[in-house]
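Novice: Have a look at the structure that comes next, please.
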Amino acid sequence: MKKSPKIFVIIVTYKGRRWYDKCFGSLRESTIPLHVVAVDNSPGEEDVEYIKTHFPEVHLIKTNENLGFGRANNLGMRYALDNGCDYVFLLNQDAWIDTDTMEKLLYISRKHPEFGILSPMHMNAEKNKIIMAYYDGHNNVSLINDLYNHSLKSYYPMRYINAAAWLMTRATLEKIGGFCPMFFQYGEDDDYLNRVFYHKIPLVLCPNTHIVHDIRHSLSEQIECRKQAAREHLYEYLNINETFSYNHLKKKYIKRYIRALLRAKFEVASQIWNEYTLLKKNREDIEKCRILHKLEQPNWLI
């Protein structure tokens, strides 16, 4: 009989009490045992006290400030590594699992130990729609075709999957590490998967299992934050699969800025200048991170 793996579920909490009963409650009902860790970014002690009272089995890490999604998850991942994890499962506070979600993911992982990150299908709160916006890759068409033809495979390699439900192997953490602390909220999973892709670690979607992800209360905020992250271009600059030349980008920004001014597009010119200013401000950190991310080591978890 195979030894039961140590799976640490990490949940970053922030003013999310309306979801805690479903989120933490679903983990209690899992068909395989789980070690649950909550990293609380909330101000005050109310959320911590609620979790302590209603879910005393949860290990709590209270931050002294709102660290954002990535840095808070890093605290949980470090704790999991220090306590002998075999897997880490990142789960959003506004999501919950089925009783057999983890069992099904673990089954696929054991058959394919080369898979570094496995993710279930994301369903909306009513469980009547797939949140397809959270996936991106050349296998999307194959997935849709197979769904239509009732010939679903157990997994599909993907290029991007939202980080709301990632099952990560210990080997992945030891090779890639945690989220880059240059990101506060949004963009950190894009950057992480760029690093995973660079190190040739497979990312797969497992559509025969799913989570419920209640995005109703946060969708508009998510869209705006992702737009802001895209405007800042940080995960593009940090993409180690592409070359980065500050001088080349500087010339490009200045040309675009002058062109916008000459055309009296002053709002566009202001946005371009803000993007360049951000690049200039972060240049040193970007170059350091790009070097660090190419190394096979637990970056940001050491």
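The values are calculated or read from the model by the stated rules, or taken from the named source; none is laboratory data. As the structure is a prediction and not an experimental result, all values here were calculated from the model. Cβ atoms come from the backbone with ideal geometry, glycine included; neighbour counts cover every protein chain shown. Just the protein is used for accessible areas: all its heavy atoms, side chains included, with ligands, DNA and RNA removed. Shrake-Rupley method; radii C 1.70, N 1.55, O 1.52, S 1.80 Å.
Novice: How much solvent-accessible surface does Thr277 expose, in Å² to the nearest 10, with a 1.4 Å probe and all protein chains in place?
Specialist: 70
Novice: So, one more: Need one value: the accessible area of Trp300 in square angstrom, 1.4 angstrom probe, rounded to the nearest 10.
Specialist: The value for Trp300 is about 90 Å².
Novice: How high is the relative contact order of the chain, given as a whole-number percent (alpha carbon pairs under 8 Å, six or more residues apart)?
Specialist: 20
Novice: List the residues, sorted by chain then number, that are 5 or more residues from Phe179 or on another chain and whose placed amide H is less than 5 Å from its amide H.
Specialist: Asn74
Novice: Hey, another quick one. Quick one: pull the percent of accessible area on the chain belonging to carbon and sulfur, 1.4 Å probe, ligands and nucleic acids left out.
Specialist: Carbon and sulfur atoms account for 53 percent of the accessible area of the chain.
Novice: Name the residue from Ile215, Asn239, Ile11 whose Cα lies farthest towards the positive end of the charge dipole of the chain, charges +1 on Cβ of Lys and Arg and -1 on Cβ of Asp and Glu.
Specialist: Asn239
Novice: Also, quick follow-up: Using a simple charge model, +1 on the beta-carbon of Lys and Arg, -1 on the beta-carbon of Asp and Glu, nothing else, what dipole does region 1-156 show about its Cα centre, in debye to the nearest 20?
Specialist: Using Cβ point charges on Lys, Arg, Asp and Glu, region 1-156 gives about 360 debye.
Novice: Cα-based Rg of the chain per 2.2 N^0.38 Å, rounded to two decimals? Mind showing how you got there, number by number?
Specialist: On the way: Rg = 20.3 Å, N = 302, 2.2 N^0.38 = 19.3 Å.
For the chain, the normalised Cα radius of gyration is 1.05.
Novice: Next question. Work out which helices of the chain, taken as complete DSSP H runs, extend at least 30 Å along their axis over the Cα atoms and score a mean Kyte-Doolittle of -0.5 or more, then list them.
Specialist: Sorted by number, there is nothing, because no helix extends far enough and scores high enough.
Novice: Where only protein heavy atoms count, and the probe is 1.4 Å, what is the accessible area per residue for the chain in Å²? Display every interim value, and only then the final one.
Specialist: On the way: 15320 Å² over 302 residues.
Spelled out: the 1.4 Å probe surface of the chain, per residue, equals 51 Å².
Novice: Checking the table Lys175/Lys200; Lys15/Lys62; Lys252/Lys280; Lys250/Lys280; Lys111/Lys294; Lys104/Lys153 against a 20 Å threshold on Cα-Cα, which pairs fail? Don't skip to the answer; put the middle values down first.
Specialist: Numbers: Lys175/Lys200 11 Å; Lys15/Lys62 13 Å; Lys252/Lys280 13 Å; Lys250/Lys280 8 Å; Lys111/Lys294 28 Å; Lys104/Lys153 13 Å.
In this structure, Lys111/Lys294 lie more than 20 Å apart at Cα.
Novice: Let me have the 222 nm mean residue ellipticity of the chain computed from DSSP H runs of 4+ only, each contributing -39500 (n - 2.57), with the sum over all residues rounded to the nearest 500.
Specialist: -14000 deg cm²/dmol
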